[in-house]
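Novice: Quick one: structure below, then a few questions.
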């Protein structure tokens, strides 16, 4: 079994048999992997608390060709994101980010830049301000990285101009906004300002994303639009989104 070492974020941890843990983690080098931490429930000497959900760790292990699960041998904690764990809504938002990656990233298919985006989101959430805006910015950028990003600057079907109306029809199955000639199926009416805001945000450096400001209308429209795109491509909704919707985020 060839050994590996990868810097990864812990996305999910569940009990596996009596003494073990089944850990799902993502890193830009190897993509999403699932691995068994032998004896992690019975003894914390080897792993300690380093396999906690939402921990950034340097994982070492072994992978046997053809096996769906890898074997974890050790994990060194790099970052614990303590501030997001101190607030219920903040923690739910952080879990939403992790669940998004777990639900959309394919196993063993790394997406360049995704880990950096996730770390930006978690660190931004830890600062405690504009948490809902962080989620919207994460979603549009993550959809782009995953190859599912909506076309927002021109017609997704014909490539033509979207016209001059104050709102534009967006059809999820067609991949984005549609001009008046191409629109016809069920879709969402999204204001032109919201589409422009999202389109411009997708090209900004991560260090400047905090400057993006959403109006209440833009936030509401972006939330519905981006979650609809995720659901369409992933084939399921996110469990954490139910709680976030109950608190209006």
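Only the coordinates and a few stated rules stand behind these numbers; no lab work does. Please read all numbers here as calculations on a predicted model, not as lab measurements. With ideal geometry, Cβ positions are generated from the backbone for all residues, glycine too; neighbour counts draw on all protein chains shown.
Novice: What shape does segment 27-176 have by the C-alpha gyration tensor, where a ≥ b ≥ c are the square roots of the eigenvalues, rounded means a/c under 1.5, and otherwise prolate means a/b greater than b/c and oblate the rest? Please list the in-between numbers first.
Specialist: Values: a/c = 3.47, a/b = 1.74, b/c = 2.00.
Judged from the Cα gyration tensor, segment 27-176 comes out oblate (a/c at least 1.5, b/c at or above a/b).
Novice: For segment 3-79, state what percent of all Cα-Cα pairs lands in each successive 10 Å bin, counting from 0 Å until the bin that includes the largest distance.
Specialist: In whole percents, the pair-distance histogram is 22, 60, 18, 0.
Novice: State the Cα centre-to-centre distance between segment 101-140 and segment 198-226 in whole Å.
Specialist: If we compute the Cα centre of each part, the gap is 14 Å.
Novice: How much length is gained on full extension from residue 216 to residue 246, taking 0.36 nm per residue of separation minus their Cα-Cα distance?
Specialist: My answer for the length gained is 9.1 nm.
Novice: Starting with the fewest neighbours, write out 143, 22 ranked by other beta-carbon atoms found within 10 Å of each beta-carbon.
Specialist: On the way: 143 20, 22 17.
Result, fewest neighbours first: 22, 143.
Novice: Give the shape of segment 67-145 as rounded, prolate or oblate, defined through the alpha-carbon gyration tensor: a ≥ b ≥ c are the square roots of its eigenvalues, a/c under 1.5 means rounded, and otherwise the shape is prolate if a/b is larger than b/c and oblate if not.
Specialist: Details: a/c = 2.18, a/b = 1.33, b/c = 1.64.
Note, shape of segment 67-145 comes out oblate.
Novice: Please report 167, 124, 216 as a ranked list, fewest other C-beta atoms within 10 angstrom at the top and most at the bottom.
Specialist: Numbers: 167 14, 124 22, 216 7.
In increasing order of surrounding Cβ atoms, one gets 216, 167, 124.
Novice: Provide the gained length on full extension for the span residue 206 to residue 67, in nm with one decimal, where the gain is 0.36 nm per separating residue minus the Cα-Cα distance. The partial results should precede the final answer.
Specialist: Values: separation 139, 0.36 × 139 = 50.04 nm, distance 3.61 nm.
Extending this stretch completely gives an extra 46.4 nm.
Novice: If one computes P(r) from the Cα atoms of segment 82-246, what percent of pairs lie at distances over 21 Å?
Specialist: Details: 6285 of 13530 pairs.
I get 46 percent for the Cα pairs in segment 82-246 exceeding 21 Å.
Novice: Now for a separate question. What is the P(r) of segment 163-249, as percent of Cα-Cα pairs per 10 Å bin from 0?
Specialist: Percent of pairs per bin, in order: 15, 42, 37, 6.
Novice: Still on this structure, I have one more. What is segment 3-79's relative contact order, in percent, from Cα pairs under 8 angstrom and six or more apart in sequence?
Specialist: Working: 181 pairs, mean separation 25.1, N = 77.
Once divided by the residue count of segment 3-79, the mean separation gives 33 percent.
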